[in-house]
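J.: One structure follows; several queries about it will come next.
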Amino acid sequence: MDLVARAKNILLSPNSEWPVIAGEPAETGSLYKSYILPMAAIPPVCGFIGFSIFFGRYGFGFGLAGLVVQYILALVAVYVVALIAQWLAPRFGGSGDFTPALKLVAYSYTASWVGGVFLLIPFLGILTFLMTLYGLYLLYAGATPVMSVPGERAITFTAALILGVIVVFIIVGFIIRLLFGAAMMGMM
């Protein structure tokens with residue numbers, strides 16, 4: 001399936017798309033190459049364009065460095081959250097396989113990645129946040145078909161995984177602040 005069709009299907013009809021995703025053969029490399037790499041680029045690229053080019057809030061070099069760091073951290077975060085999902089799933093009666101965990105995380109992030117388009121106009125960034133909230137529903141909807149978590153335990157699995165995601169994002173935010181905090185203070 002092509003990238004645009006997959007993104008559209010997971011966003012607009014997740015309950016029918018998750019079983020299709022669950023049945024597809026995949027490997028970590030193919031998921032990264034065909035879906036995660038291009039989709040994870042949307043928020044940093046759009047944020048760079050919106051904040052550095054259109055609004056001139058940050059200099060070109062600083063914005064470009066931020067784009068690269070955010071992109072790399074996003075790619076790492078997907079992998080780490082998939083490891084958390086892999087670890088958690090058996091504790092909730094699901095499968096402990098990594099590939100389904102990576103599928104669940106990658107396709108759940110679709111809403112947030114697509115919502116990154118709103119960063120082109122920085123004051124619309126709240127819409128990116130709302131899309132991220134929809135991604136939490138996608139995570140819940142995919143827990144049973146992809147990770148084989150029993151339906152009655154899917155909500156608690158999702159809640160536990162969300163806590164893991166929050167920890168990962170706090171760490172990512174901390175790393176970004178460490179790397180760019182001093183430079184940002186001087187730019188404002």
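J.: Starting from the 7 Å offset along Cα-to-Cβ, what nm value, one decimal, do you get for the label separation of Leu83 and Leu130?
T.: 3.6
J.: Still on this structure, I have one more. So, with a 1.4 angstrom probe, what is the percent of accessible area on the chain that is carbon and sulfur?
T.: 74
J.: Listed highest first by mean packing, meaning other Cβ atoms within 10 Å per residue, what order do 7-14, 100-107 come in?
T.: Per-residue mean Cβ counts within 10 Å order the peptides as 100-107, 7-14.
J.: If you roll a 1.4 Å probe over the heavy atoms of the protein chains, what accessible area per residue do you get for the chain, in Å²?
T.: Heavy-atom SASA per residue in the chain reads 50 Å².
J.: Per DSSP H run of at least 4 residues, take -39500 (n - 2.57); add these up for the chain, divide by its residues and hand me the 222 nm value, nearest 500 deg cm²/dmol.
T.: Per the formula, -23500 deg cm²/dmol.
J.: Anything in the chain that counts as a DSSP H helix reaching 30 Å or more along its axis (C-alpha) with Kyte-Doolittle mean of at least 1.6? List them, would you?
T.: Membrane-span-like by this criterion, though nothing is claimed about a membrane: 60-88, 154-187.
J.: Hey, can you grab everything whose amide H is under 5 Å from the amide H of Ser148? Only 5+ residues off in sequence or another chain; H modelled, so Pro and N-termini drop out.
T.: Ser95
The values are calculated or read from the model by the stated rules, or taken from the named source; none is laboratory data. Every value quoted in this text rests on a predicted model; they were computed, and no experiment measured them. Counting neighbours? That spans all protein chains shown, and the Cβs are built from the backbone with ideal geometry, glycine included. Ligands, DNA and RNA are excluded from the accessible area calculation, which covers all protein heavy atoms including side chains. Shrake-Rupley method; radii C 1.70, N 1.55, O 1.52, S 1.80 Å.
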